[in-house]
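First the structure, in the form of structure tokens, and then the observations on it.
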Amino acid sequence: MHSYRIYGLTVSSELECPLLLPSDDAADVSIRFEHIPTSCFPDGLHKGANLLGSGKVLLNIEEVAKYLIIDGKEVLIDPYPDVRAEYVRLFLLGSALGILLLQRGMLPLHGCGIVHNGKAILFLGDSGIGKSTLAEAFRRKGYKLITDDVSALCFADKSSVNVFPAYPKINLMEETAKNFDIKTEGLSEAHNKKKKFAVPVGESFCSDPNPLARIYILHRTLGSAIHLEQPAKIAAIPFLARNTYRRQIIKKMGHQQRHIEQCANLAKNYPVRLLTRPDDLSRLAELADYLESDFR
């Protein structure tokens, strides 16, 4: 068994995950391979998340693996034949652990995070909106990365929220990597259908939890303007709910009330900004400077 640290949890895993940070602590989560029989699915096995009674979610990623996530403590993996191990890892560390975080009462947001003055700043948005690209631009300005793709938030109380670190890599599309002069040869694939790569970030990774400072939600425009808007606190709640990672399973799990309360607490106690950005990599440095002037 391998022992790793991710999202504030120590995981004991039969699946080797070389990018994760090692840990010697007692395990919070067990990850192991196990056959998951079709008899578990009286209504048939569906693509995506299937609820199997209280505390059990079956995530079916076709042609990759089935993941049975149990009570926020266990993940059973049943790979499909001839699948590459890196694809099994990809959905384990993303979707499967995202569901596990929900089971444990944490709030996984779909976004990246950097650290400024000992506090976490998050960039949220739809897939492909440029969250990781923006985080990489800040990393090159000297900021540390705390998470990419899944931002794990833990509520110490209603007005105290910590962001827990993921692991020292950032996922970039091939075009974006070239823009940063990053060679992709030999890098692990970060998507099973797109040309996306996991780029190690080494010492520019923050391995400790940090209190949340503020949240930016990214939108793309065909125009040339960079625009920052601060919505009313109540108006920010649906934006945060919409940018929750794997939010589709929340209703099935019966956690809608807790989810809305968590989003409301964020909107009430932390600055939430809507950032409209042009779809132009050549203006990335300008965009980073613009944001930096807002949070400094």
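Considering only DSSP beta bridges where both residues belong to the chain, give the percentage that are antiparallel (nearest 5). Don't skip to the answer; put the middle values down first.
Working: 54 of 74 bridges.
Roughly 75 percent of the beta bridges in the chain run antiparallel, per DSSP.
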Where the centre of each part is set by its Cα atoms, how far does region 213-269 sit from region 132-150, in angstrom?
20
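Within the set K131/K268; K195/K268; K47/K131, which residue pairs have Cα atoms separated by over 30 Å? Kindly include the intermediate steps, with their values, before the conclusion.
Numbers: K131/K268 23 Å; K195/K268 39 Å; K47/K131 27 Å.
From K131/K268; K195/K268; K47/K131, over 30 Å: K195/K268.
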Can you compute the label reach from E74? Point 7 Å from Cα along the Cβ direction, backbone N cut-off under 12 Å, restricted to region 14-33.
30-33
Peptides 150-156, 282-288 ordered by average Cβ neighbours within 10 Å, highest first
150-156, 282-288
Rg to Rh, two decimals, where the chain supplies the alpha carbon set and Rh follows Kirkwood
0.95
Give the angle, between 0 and 90 degrees and rounded to the nearest 10, that separates the Cα long axis of helix 233-242 from the longest principal axis of the Cα atoms of the chain.
40
Which log10 I(q)/I(0) values, to two decimals, does region 151-293 give at q = 0.09, 0.11 Å⁻¹ under the Debye formula with one point per Cα?
-0.37, -0.56
Compute the long axis of helix 256-269 from its Cα atoms, compare it with the longest principal axis of the Cα atoms of the chain, and write down the angle in degrees, 0 to 90, nearest 10.
20
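Please give me, ordered by residue number, the GluC sites (Glu not before Pro) of region 138-209 that lie in loop per DSSP and have at most 13 other Cβ atoms within 10 Å.
Details: sites: E174, E175, E185, E189, E203; in loops: E185.
Here the GluC sites (Glu not before Pro) that fit, given the DSSP loop and packing criteria, are E185.
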Dividing the mean separation of Cα pairs under 8 Å (6+ apart) by the residue count of region 113-201 yields a relative contact order in percent of 22
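Trypsin sites (Lys or Arg not before Pro) within region 132-221: which are DSSP loop residues with at most 14 other Cβ atoms inside 10 Å?
R140, K141, K158, K183, K193, K194, K195
Since every read-out is calculated from the coordinates, none of them should be taken as a lab result. Being a predicted model, the structure only gives us computed values, none of them experimental. Note: ideal-geometry Cβ built from the backbone for every residue, glycine included; neighbour counts use all protein chains shown.
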